[in-house]
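The values are calculated or read from the model by the stated rules, or taken from the named source; none is laboratory data. Computed from a predicted model, the values in this text were never measured in an experiment. Cβ placement follows ideal geometry from the backbone for every residue including glycine, while neighbour counts extend to all protein chains displayed. We work out accessible area using only protein heavy atoms, side chains counted, and drop any ligands, DNA or RNA first. Shrake-Rupley method; radii C 1.70, N 1.55, O 1.52, S 1.80 Å.
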Amino acid sequence: MGTSVLGELRGAQKSAKGVSLYSRYVNRPAGRYLAAGAYRLGMTPNQVTLVSAGLTYSGIAAVALERPSWPLALTVYASLVVGFAFDSADGQLARLTGRGGPAGEWLDHVVDCAKMVALHSAVLISFHRFFELPGDGWLLVPLGFQLAAVVTFCGGLLTEQLKRGRPAAAGATPAAPPSRLRAVALLPVDYGVFCLVFLTLGAPDLFRLVYAVLAAVHALFLAAFLAKWFRELSALPRNPA
């Protein structure tokens, strides 16, 4: 693998602001090597996105269709985490080759949104088909987790779009450098950390407990994110009539 390509990819990274330690030190570096390999194979960023989708959706289908077991846990985790690395690689390849564009960004976001909806739906199906639940109320947990994940994803994207191109609020201080403490605090809502939950699929009761705890954490983070985003957007200057 050419060191020059990897060097160019290191220089084409997104900002580390708002990124957890997992994405910064695990997923992005893994995506860098995958992007370099895809570059040598002559792949386009959209093709890398489709590879990511194929791996991820295969793991999701396995959750819904197969009875929980340790082999399933390893298979699902591998599919999800490698798919996540390819999800990082497509953007890095696009920045390296200059072949990115609105269509590629749209495809990437559609795949990501569908992934969130499908993954929690698969857990709901698995709960219904294979788990001995203490009560039917447990079927609401994947629905609540799905709601928190999708609103966080869409709310973050919309906030970013609304802030893009607008002047900073009057009296706003310059952006602070990426915080390591914030990067640690964001670990519970990092998709790569969420993938780790599926390593417990061989022990259904443990999986159910860990999944429910993480769902509650995501709900708390959603509330904090919504308040933060609304405060930031409220401070921006209004568009002229």
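Between residue 136 and residue 157, the contour length at 0.36 nm per residue exceeds the Cα-Cα span by 4.2 nm. Computed over neighbours whose Cβ is under 13 Å from that of residue 84, the net charge equals -3, Lys and Arg +1, Asp and Glu -1. Taking all Cα pairs closer than 8 Å and separated by 6 or more residues, the relative contact order of segment 69-164 comes to 23 percent.
Taking only protein heavy atoms and a 1.4 Å probe, what accessible area per residue, in Å², does the chain have with all protein chains in place?
I get 54 Å² per residue for the chain.
Shown for the chain: the carbon plus sulfur share of the solvent-accessible area, taken with all protein chains present and a 1.4 angstrom probe, equals 66%. When the Cα convex hull of the chain is projected onto planes of every orientation, the mean area is 15.1 nm². Sorting 238, 32 by solvent-accessible area of protein heavy atoms yields 238, 32, largest first, with a 1.4 Å probe. Between residue 184 and residue 219, residue separation times 0.36 nm minus the direct Cα-Cα distance comes to 10.8 nm. Here the 3J(HN,Hα) profile of segment 30-45, calculated from phi with Karplus coefficients 6.51, -1.76 and 1.60 at θ = phi - 60°, is 5, x, 5, 5, 5, 5, 5, x, 5, 4, 5, 7, x, 7, 8, x Hz, Gly and Pro shown as x. When the chain is treated as a GNM with alpha-carbon contacts under 10 Å, the residue of 155, 165, 98 showing the greatest mean-square fluctuation is 165. On the beta carbon distance between residue 232 and residue 209, with R0 = 30 Å, the FRET formula returns roughly 0.30. Length available on full extension from residue 69 to residue 47: 0.36 nm per residue minus the Cα-Cα distance, which gives 4.7 nm.
A simple rule links phi to the HN-Hα coupling: the Karplus curve 6.51 cos²θ - 1.76 cosθ + 1.60 with θ = phi - 60°, which for segment 152-158 gives 4, 5, 5, x, x, 4, 5 Hz, with x for Gly and Pro. Pairs of Cα atoms nearer than 8 Å and 6+ residues apart set the relative contact order; for the chain it is 28 percent.
Say R0 is 30 Å: what FRET efficiency, to the nearest 0.05, do residue 147 and residue 97 get from their beta-carbon distance?
Values: r = 37 Å, r/R0 = 1.23.
It comes to 0.20.
Each peptide in 53-59, 181-187 receives the mean, over its residues, of other Cβ atoms within 10 Å, and ordering these scores from highest gives 53-59, 181-187.
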